[in-house]
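Here the structure comes first, spelled out in structure tokens, and everything after it is commentary.
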Amino acid sequence: MDLLALKGYETVVDYGAGSGVVTVVVAERLPNGIVHAVDESTEMIEYLTGRLAGSSLENVSTHLIKSNKVGLEDGSVDRIIAVNLLHEVIGEGALAEMRRLLKPGGFLLVADWRSDVSREMGPPAEVSLSPQEGQKMLENGGFSVTAVDVNFPYHFVFVAHPEIPA
């Protein structure tokens, strides 16, 4: 979470929010900001909406991704976090949509499963990405990419800034 460099007032998208594990942690760090939890699964959005209804978090809104589009304005978010998602969006328009959403100076934080390490959890290696493949995918998606040196045994982490206007 520290890699998001949050000051507490930002607008953040949790792209592929799923059950909202990351959404909740980010929302707790944004007393004057907002988190948009987005997912393409109606079931996950319904689950997360129900989960949030029983919490004190009032700075979260949920959005269903339809045809790779999120119902938010161009350049309306400061940060996007995408955890365990990059390998799921190969060949889709998700990266262009993320670029569209980011404000000038905003960035995307990506953490995803590594295909080049032996592990007993996560998706199979054949549907995962190596760090080099992940970086190339982000660069081909119009981002300049910086690898983050973290001690995660099964994940790579990148900070990606839009290079090309969406």
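Against the chain, whose longest principal axis is taken from its Cα atoms, helix 42-53 shows a tilt of about 50°. Note on Lys7: lysines with a C-alpha under 29 Å away, same-chain residues under 8 apart excluded, are Lys69, Lys103. Calculate what fraction, in whole %, of the accessible area of region 75-135 sits on carbon and sulfur atoms when a 1.4 Å probe is rolled over the protein chains. Of all accessible area on region 75-135, carbon and sulfur atoms account for 51 percent.
What does the charge dipole of the chain about its Cα centre add up to, to the nearest 20 debye, if the Cβ of each Lys and Arg holds +1 and the Cβ of each Asp and Glu holds -1? Charge dipole of the chain: 280 debye, to the nearest 20. With all pairs of separate Cα atoms included, the chain yields a Kirkwood hydrodynamic radius of 16.0 Å. If only the Cβ of Lys and Arg carry +1 and only the Cβ of Asp and Glu carry -1, the dipole of region 8-95 around its Cα centre is close to 100 debye. In the chain, the DSSP beta bridges split such that about 40 percent are antiparallel, to the nearest 5. Highest average first, the peptides 136-143, 5-12 ordered by how many other beta carbon atoms sit within 10 Å of their residues are 136-143, 5-12.
The values are calculated or read from the model by the stated rules, or taken from the named source; none is laboratory data. No experiment lies behind these values; they were computed from the predicted model shown. Virtual Cβ from ideal backbone geometry, glycine too; neighbours counted across all protein chains shown. Areas reflect the complete protein model, heavy atoms only, side chains present, ligands, DNA and RNA absent. Shrake-Rupley method; radii C 1.70, N 1.55, O 1.52, S 1.80 Å.
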